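The values are calculated or read from the model by the stated rules, or taken from the named source; none is laboratory data. Predicted model, so just to flag it, every value in this text is computed and none were measured. Reconstructed Cβ throughout: ideal geometry from the backbone, glycine too, with neighbour counts over all protein chains shown.
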Amino acid sequence: MAKRLGRQTVELERPVSIVSHAAVGGKKEGEGPLKRYFDHLTDDDTFGEKSWEKAECRMQRLALQIALEKWGGGEEALDLLLAGDLLNQCISSSFAARESQVPFLGLYGACSTMGESVALAALLLDGGSAQTAAAVTSSHFCTAERQYRTPLAYGGQRAPTAQWTATAAGCALLSAQGRGPRVTHVTVGKIVDKGIKDANNMGAAMAPAASDTLCAHFRETGRDPSYYDLVATGDLGKLGREILLELTRSEGYDLSGCHNDCGLLLYDLQKQDVHCGGSGCGCAAGVLNGYLLRQMEEGTLRRVLFCPTGALLSPTSTQQGESIPSIAHAVSIEV
């Protein structure tokens, strides 16, 4: 059985393999520096559907189908499907899953959902509750803007601290047996709320949660940040990364030599108009299941601490003047 190392961290007794993975992206993602790592890209952000919300469902189905094809198995070989997204009641995930007969667990961790789904899948497999599971996550720029901010037709000016919600989906297939990068440790995050109320400054809201989880991981595992080739947060962006490095340094952990952020990796901040970088569930999902796992399979990276971050706000909480509670989950993936 898995072994608890402290208040938040679990060491898996039988590390779980990521046996297949897939990343799907839209037009802007196909113009970025990670273009060649996506399994499917399109210039049509509707993905042939009649609405952006239906397009996001299609993205999840595509990511799952491609990952299964690369694995060589079908949906009948899956014991569990864990999925989530940003939309109210997680409709992208549940509507995508209704086309499948795989037992389904819908999740909401905002932009941390890729970490949450992989973490829960790994714990369930290590505990013997399943042998195979798929972790799927997505976001879409247009669906997120329509729900959380203003209609796109409004044409409002974006704040300098704003980030670009990725139109992307990712799927990781995990197995209790098999070859591939292995999930060895899971550090479950806590809610951290420093009183930030600006929905256009997600990096500042989420950085304290990332710091809290990462410091807990290092403290409870006894590992130094230098143990990892890369510590990858989810979507803090340029400003959030600066805050994170300052916060962790104050706790005695220097991440400057091993940290990067998926929101900075996904886009070219000099050539693409994304302001502080990328965000959204699909940001970390696309980078993990496209770039990071491919780098691990090729041997460029051997130890990665994947720590996506989530801002747990809603349109209702924003309209009521609430602050933004945030969370981050860390998953240690090793070759």
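Computed values, structure above
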| read-out | value |
| --- | --- |
| Any hit, region 95-102, residues being under 22 Å from residue 191 (Cα atoms) and not assigned by TED's automatic domain parsing to the domain that holds residue 305 | no |
| Region 21-63, subset of a type in the set (Val, Ile, Thr) and without any contact (Cβ under 8 Å) to a residue 60 or more places away in the chain, residue nearest to residue 286 (Cα to Cα) | 42 |
| Scope region 75-97; condition part of a strand (DSSP E or B) and not aliphatic (A, V, I, L, M); matching residues | 84 |
| Meets criteria (small (Gly, Ala, Ser), surrounded by fewer than 16 Cβ atoms within 10 Å (Cβ to Cβ) and touching a residue at least 24 places away in the same chain (Cβ under 8 Å)) for residue 6 | yes |
| Of residues in region 14-28 being part of a strand (DSSP E or B) and at pLDDT below 95, the one surrounded by the fewest Cβ atoms within 10 Å (Cβ to Cβ) | 14 |
| First in region 284-306 and surrounded by fewer than 24 Cβ atoms within 10 Å (Cβ to Cβ), second anywhere and aromatic (Phe, Trp, Tyr), Cβ under 7 Å, 6 or more apart | 291/37; 294/37; 303/227; 303/228; 304/228 |
| Spans of strands (runs of 3 or more DSSP E) in region 246-335 with at least 1 residues of a type in the set (Lys, Arg) | 303-307 |
| Top-ranked residue of region 222-272 - restricted to ones that are out of contact with any Lys or Arg (no Cβ under 9 Å at 6 or more places or on another chain) and of a type in the set (Asp, Glu), ranked as farthest from residue 6 (Cα to Cα) | 268 |
| Qualifying residue in region 226-234 (condition: touching a strand residue (DSSP E or B) at 6+ places or on another chain (Cβ under 8 Å), free of Cβ contacts under 8 Å to residues at least 24 places away in the same chain and not aromatic (Phe, Trp, Tyr)) | no |
| Filter result (touching a strand residue (DSSP E or B) at 6+ places or on another chain (Cβ under 9 Å) and either in a loop (DSSP other than H, G, I, E, B) or modelled with pLDDT under 95 (or both)) within region 98-126 | 98, 100, 102, 103, 108, 109, 110, 111 |
| Number of positions in region 187-203 that are among the acidic types (Asp, Glu) and either at pLDDT below 95 or in contact with a His (Cβ under 6 Å, 6 or more places away or on another chain) (or both) | 1 |
| Single match in 257, 240 (criterion: small (Gly, Ala, Ser), touching a residue at least 24 places away in the same chain (Cβ under 8 Å) and either under 11 Å from residue 32 (Cβ atoms) or surrounded by fewer than 24 Cβ atoms within 10 Å (Cβ to Cβ) (or both)) | 257 |
| Count - residues of region 182-202 that are surrounded by 24 or more Cβ atoms within 10 Å (Cβ to Cβ) and under 30 Å from residue 132 (Cβ atoms) | 5 |
| Test result for residue 184, modelled with pLDDT of 95 or more and in a helix (DSSP H, G or I) | no |
| Breaking point among (1) in a loop (DSSP other than H, G, I, E, B); (2) farther than 28 Å from residue 315 by Cβ; (3) at pLDDT 90 or above, for residue 133 | (1) |
| Residue within region 163-181 that is modelled with pLDDT under 80 and farther than 15 Å from residue 16 by Cα present | yes |
| Selected residue (criterion: surrounded by the most Cβ atoms within 10 Å (Cβ to Cβ)) from residues of region 260-271 that are at pLDDT below 95 and either more than 19 Å from residue 24 (Cα to Cα) or basic (Lys, Arg) (or both) | 269 |
| Cβ pairs under 8 Å, 6+ apart, first in region 64-75 and surrounded by 16 or more Cβ atoms within 10 Å (Cβ to Cβ), second among the polar types (S, T, N, Q) and in a helix (DSSP H, G or I) | 67/289 |
